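> Handing you a structure now.
Taken together, the values in this text are just the output of simple stated rules run on the coordinates, not laboratory data. Predicted model, so just to flag it, every value in this text is computed and none were measured. All Cβ positions, glycine included, derive from the backbone under ideal geometry; neighbour counts span all protein chains shown.
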Amino acid sequence: MRSFACPGTGFCCWRTACVAAVLAVLVLGIPRALAQTPVLEVFMLKYRTAEQVIPVIQPMLKNGGSVSGLQNQLVVRTTPGNLEEIRRILASVDALPRRLLITVRQDADSDRGQRAAEVSGSMRGDGNARITVPGTAGSRSSHAGAGANEDGLRARVIDTRRTDSERNLQTVQVLEGNTAFIRVGQSVPVPRQQVVQTVIGGQVVTQVVDNVEYRDVGTGFHVRPRLAGDRVTLDISPQHDTLNRQLPGAVNMQRVTTTVSGRLGEWIEIAGLDQDRSRDQAVLLGRASMSGFDNRRVLIMVEELQ
């Protein structure tokens, strides 16, 4: 063991040496302890809100750290070293958001056809015959008869077809990371009859009351875009309502809720429907058939505005 001479005494002072060694260890350990001591700092955000930034900062915190905030203020409590990392992350996250133009296209094509044929009457040995084809819009009818009174063989053919095509295009501007909503439509009056029973003079009287209900029929979408370079991720919920022409008061509804990803400036198909229908029915001395199809497509495109 090395010996130390204490000033003014000339002999070894090993106790003083031990105290000095302990003090040296404590002094060297102070910076490490300070580096692990949590500190609190408030950041003033420029372009983003605290609600947008917190999900990004939360996974970057060390054990025991916390983050909170309101509007444009972000409060972070963590170690000094971790705080420097978060400061660098905020410099890239809290940047001017990019301006986007979102276009949603909802297309619908349908085709419905009906064909019916029937034969009735009786046959004679008379050679006289006559065929008439009355002209009616959207249908064709044939009539065949035998004899002067045209009371012999009769044939009737009905052929109808209806084709519909619909194109809906809607656009909205939004800043990345924010949500946008657009919807247009109308409130349609629907006549209704209601049966009401009342007691008049001790007797139950039933009345039919006419009233009107209003149904909202609209087209639109709710969307939230997020960017990563030239790729965009979208949380989107489009809707498209139309009146049912065959059932008065009924509304055809189309709803989609999904998350999709694609490149800026490209059409992204988020939903589609291809439906074919056919029915063939045999009747007495005749036949009836129905056929049709429905094709629907929902597409979205995101473009960056400079």
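> I'd like the FRET efficiency for residue 291 and residue 226, computed as 1/(1 + (r/R0)^6) with the beta carbon distance as r and R0 of 41 Å, rounded to 0.05.
0.40
> What FRET efficiency comes out for residue 159 versus residue 217 if R0 is 25 angstrom and r is the Cβ-Cβ distance? Round to the nearest 0.05.
Once rounded, the FRET efficiency stands at 0.20.
> Stokes-Einstein D for the range 185-291 at 20 °C, 1.002 mPa s, Kirkwood Rh over Cα pairs, in µm²/s?
Approximately 110 µm²/s, per Stokes-Einstein.
> Measure off 7 Å from each Cα along the Cα-to-Cβ vector at residue 171 and residue 237, then give the distance between these two points in nanometres to one decimal.
Output for this residue pair reads 2.6 nm.
> Modelled label-to-label distance, residue 183 and residue 93, 7 Å Cα→beta-carbon offset: nm?
Using points 7 Å along Cα→Cβ, the separation is 3.2 nm.
> Further, regarding this structure: How far apart, in nm, are two points set 7 Å out from the Cα along the Cα-to-Cβ line at residue 303 and at residue 208?
Rounded to a tenth, the inter-label distance reads 5.6 nm.
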